[in-house]
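Chemist: Can you read through this structure? Questions will come right after.
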Amino acid sequence: VPIRILDQKVHKLRNKEIQLVKIQWNNHEIEEATWKREEEAKNKYPTLFAQSE
C-alpha cells in the first residue's frame, strides 16, 4: 500500500513525455521507494493524489 509521493519527474522519449512519481510504500524505507507512471498510479491509488493536491 502506498503511503505518499516523494518526488515527480518527466521521462522524455523521442516523441513523448512520461510523467513519473516516486512512491513510498507501507512498511518500507524511503530508500526502497519506486518510480511508477503517474497515470497508472492515479488510476490505482486515487486517494494518494488527493492528499498531495
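The values are calculated or read from the model by the stated rules, or taken from the named source; none is laboratory data. Computed from a prediction, not measured in an experiment: that's the story for all the values here. Please note: Cβ atoms are built from the backbone with ideal geometry, for glycine as well, and neighbour counts cover all protein chains shown.
Chemist: Taking the range 1-31, which residues are without any contact (Cβ under 8 Å) to a residue 24 or more places away in the chain, outside any strand (DSSP E or B) and surrounded by 10 or more Cβ atoms within 10 Å (Cβ to Cβ)?
Modeler: H28
Chemist: Answer yes or no: is there a residue in the range 32-44 that is in contact (Cβ under 8 Å) with a residue 12 or more places away in the chain, surrounded by 10 or more Cβ atoms within 10 Å (Cβ to Cβ) and in a loop (DSSP other than H, G, I, E, B).
Modeler: Looking through the range 32-44, at least one residue is in contact (Cβ under 8 Å) with a residue 12 or more places away in the chain, surrounded by 10 or more Cβ atoms within 10 Å (Cβ to Cβ) and in a loop (DSSP other than H, G, I, E, B).
Chemist: From (1) touching a helix residue (DSSP H, G or I) at 6+ places or on another chain (Cβ under 8 Å); (2) modelled with pLDDT under 95; (3) polar (S, T, N, Q), pick out the condition that doesn't hold for Q24.
Modeler: Answer for Q24: the failing condition is (2).
Chemist: In the range 1-22, what residues are over 14 Å from F49 (Cβ atoms) and among the polar types (S, T, N, Q)?
Modeler: Residue satisfying the conditions is N15 alone.
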